[in-house]
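Okay, structure first, notes after.
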Amino acid sequence: MSGGWTGSDRKSRLPDDWPLLRQIVFERAGGRCETIKKSGKRCWDKGTDVDHKRAGDDHSLANLQLLCTWHHARKSSREGNEAQAALRAMLRHPVEQHPGVITGPPRPPKNKGF
Ligand SMILES: [Zn+2]
């Protein structure tokens, strides 16, 4: 680790073996987008971005998927909106949390089949 904490810079939080993880995810997906569309069919566009299914620091393979540029951009912008909404909610209701409290896993996105 170097360069210090830059806050919202996602790349700074990636693990050292990220290039390897990325490659495994890529090969597992056959180089194709893993998004399942509303029709139940897989996107199958060329995969370009390894994405965290649940945003955060879980870099396990189970939480990673390969997305095409379009689906990744779409997902990222939605996460950005959610993060902003969460921040606004936090500013409205400052909550002091006990460090031992587990708030539970984040809810899966409602709209899975876009
Ligand atoms: Zn896609």
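The values are calculated or read from the model by the stated rules, or taken from the named source; none is laboratory data. Given the structure is predicted, the values throughout are model-derived calculations rather than measurements. Please note: Cβ atoms are built from the backbone with ideal geometry, for glycine as well, and neighbour counts cover all protein chains shown.
Brief remarks on what is shown
- In the condition set (1) modelled with pLDDT under 95; (2) closer than 23 Å to G80 by Cα; (3) more than 10 Å from the ligand (Cβ to nearest atom), R22 is compliant with all but (1).
- Among the residues making up the stretch 59-81, those that are free of Cβ contacts under 8 Å to residues at least 12 places away in the same chain, more than 13 Å from the ligand (Cβ to nearest atom) and exposed (fewer than 14 other Cβ atoms within 10 Å of the Cβ) are S60, A62, S77, G80, N81.
- Within the stretch 43-70, the set of residues being in contact with a Phe, Trp or Tyr (Cβ under 8 Å, 6 or more places away or on another chain) and not acidic (D, E) comprises G47, V50, H59, L66.
- When the residues of the stretch 28-39 are filtered to those that are touching a strand residue (DSSP E or B) at 6+ places or on another chain (Cβ under 9 Å) and of a type outside the set (G, A, S), the one that is farthest from the ligand (Cβ to nearest atom) is R28.
- All positions within the stretch 40-58 that are basic (K, R) and more than 10 Å from the ligand (Cβ to nearest atom): K41, K53, R54
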